[in-house]
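Novice: Below is one structure. I have some questions about it.
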Amino acid sequence: MTGEVETEDEVLIIKRIRVLYRLRAPAAARDAVERVHRIHAEHCPVYRSLYKAIEITTAYVLEDEPPAA
């Protein structure tokens, strides 16, 4: 997670938050991961509490998980 802070009236204000999820899952789960990523913010209490005041963006990196032996 990274953020950007700016000064307003000599007070530090968080303006933007960027969240990067690093996920390890089988390639077959890619569609499910994309679907969940598209809708998760509307069910996240933190996002719902902050999004009107702070720009929040999310992205993910999906790493293939090797099949179980």
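Novice: Run lengths n ≥ 4 of DSSP H only: what is the helix-derived mean residue ellipticity at 222 nm for the chain, with -39500 (n - 2.57) per run over all residues, to the nearest 500?
Specialist: -6000 deg cm²/dmol
Novice: Over region 1-54, give the accessible area per residue in Å² for a 1.4 Å probe, as an integer.
Specialist: About 84 Å² of surface per residue is accessible.
Novice: Could you state the angle between the C-alpha long axis of helix 30-39 and the longest principal axis of the C-alpha atoms of the chain, as a value from 0 to 90 degrees rounded to the nearest 10?
Specialist: Helix 30-39 sits roughly 30 degrees off the main axis of the chain.
Novice: Once you compute Rg and the Kirkwood Rh from C-alpha atoms, what is the Rg to Rh ratio for the chain?
Specialist: 1.14
The values are calculated or read from the model by the stated rules, or taken from the named source; none is laboratory data. Just so we're clear, the structure is a prediction, and the values are computed from it rather than from any experiment. What goes into the accessible areas is simple: the full protein's heavy atoms, side chains included, and nothing from ligands, DNA or RNA. Shrake-Rupley method; radii C 1.70, N 1.55, O 1.52, S 1.80 Å.
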